[in-house]
Every structure is written in C-alpha cells, then in structure tokens.
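Here is the structure we will look at.
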Ligand code: SAM
C-alpha cells in the first residue's frame, strides 16, 4: 500500500471513529476534551460536528492556524501530565468524550505517556463518557468497546467509563 493510501486509510478510520463516538454520547451532557491540537484538524472537525458542545483542548505547544486554535479559556497549554490535573477545577461539567491523538511514533515514549495520563483523564470524565485514543489506555473503570465496522483492531482504542459497583 502506498504511503498516500495508508494515510487516507488512517484519517478515514479516525473520522469514522470520531463520528461513532459522537453518536455514543448523544444522550450525555458535558464537554469534549481534545488531547493533542497538532494542526487542529480533528479539533476543527469536532467543532463542526459536536452540536455546540464546549471543547477543551490540551496541547504542549499550540501551533495550529489561528482559525483552528481555541480561545484561551478553552486551551490548556503545557504538558498533559500537568494540565490534566490542573483542569479539574476549570471544567464546569465532567466531560462526555475525550479524543486522544497524542502519538509521537516513538512507541516507548507513547506508552509511558499513555500510562501517565490515563487516571488524570479519568478524573475529568462523567460516568458513561467515551474515550477514543490512538494509544492503548488502561483504567479500571473503563471497558473496551468494539470499533465501528471497517476500522482495523489496534488502529484506535475505544473505551466507555462505567461506575464502579461496590
Ligand atoms: N489531532 C491533531 C490534528 O488532527 O491535527 C494531531 C495531533 S498530533 C498527532 C499530537 C499532538 O500532541 C502534537 O501537537 C503534540 O505537540 C501534542 N503532544 C504530544 N505529547 C504531549 C504532551 N505530553 N503534552 C502536551 N501535548 C502533547
């Protein structure tokens, strides 16, 4: 497969998964969290399709085009490891959906980052929230859910947060 085809396949899968996740949260209130602004592509797409939900973006070094950069009150600038824990007091409501597009391509670093952010991210989510991630995340209160048709296993990871039963 050419690199062009591979990129088209990856971005198509990302878009399909985002729409699937948005459908899953249609009955839930709460904002969206976008981890990894990058060029602002997925932020812009979420903005267009999230029916006016607030979107809070986390990014170490915002460098997207200004039209795809959130207003300052919706942007947590800095390392996820610091900003996620600091965000708890800022969100008026826990989030219904987190989209994590955080991979660097260096798998050892990506795994360490995924381990570090999983629980701080969980603390920002409402029960029933959906997490779509390009990295595998492990949180006791989350259950994996099947990816939408046509998306290969392991390309993305989809989770739903459930309340722990005592
Ligand atoms: N979703 C973006 C888009 O569609 O344009 C692409 C995101 S890009 C794959 C990953 C982004 O995560 C980069 O902008 C990078 O700076 C950010 N990032 C990676 N590790 C981070 C960390 N530890 N803290 C904050 N931002 C981080």
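Quick notes on this one:
- Of the residues making up the range 25-32, not a single one is part of a loop (DSSP other than H, G, I, E, B), at negative phi, free of Cβ contacts under 8 Å to residues at least 24 places away in the same chain and within 7 Å of the ligand (Cβ to nearest atom).
- Taken together, 147, 121, 113, 137 contain a single residue that is under 14 Å from residue 97 (Cα atoms) and surrounded by 16 or more Cβ atoms within 10 Å (Cβ to Cβ), which is 121.
- Considering 112, 116, the condition of being under 22 Å from residue 87 (Cβ atoms), touching a residue at least 12 places away in the same chain (Cβ under 8 Å) and assigned to a helix (DSSP H, G or I) is satisfied by 116 alone.
- For the range 40-60, the set of residues classified as in contact with a helix residue (DSSP H, G or I) (Cβ under 7 Å, 6 or more places away or on another chain), within 8 Å of the ligand (Cβ to nearest atom) and in a loop (DSSP other than H, G, I, E, B) consists of 40 only.
- Residue 85 passes every criterion in (1) within 12 Å of the ligand (Cβ to nearest atom); (2) assigned to a helix (DSSP H, G or I) apart from (1).
- Among the candidates 151, 139, 130, the residue that is assigned to a strand (DSSP E or B) and more than 16 Å from the ligand (Cβ to nearest atom) is uniquely 130.
- Of all residue pairs spaced 6 or more apart or on separate chains, those with beta-carbon atoms under 7 Å, a first member in the range 40-58 that is farther than 16 Å from residue 133 by Cβ and a second member that is near the ligand (Cβ under 8 Å from one of its atoms) and assigned to a strand (DSSP E or B) are 55/34.
FYI, it's all coordinate maths here, none of it is from the lab. Please read all numbers here as calculations on a predicted model, not as lab measurements. Backbone-built Cβ (ideal geometry, glycine too); neighbour counts: all protein chains shown.
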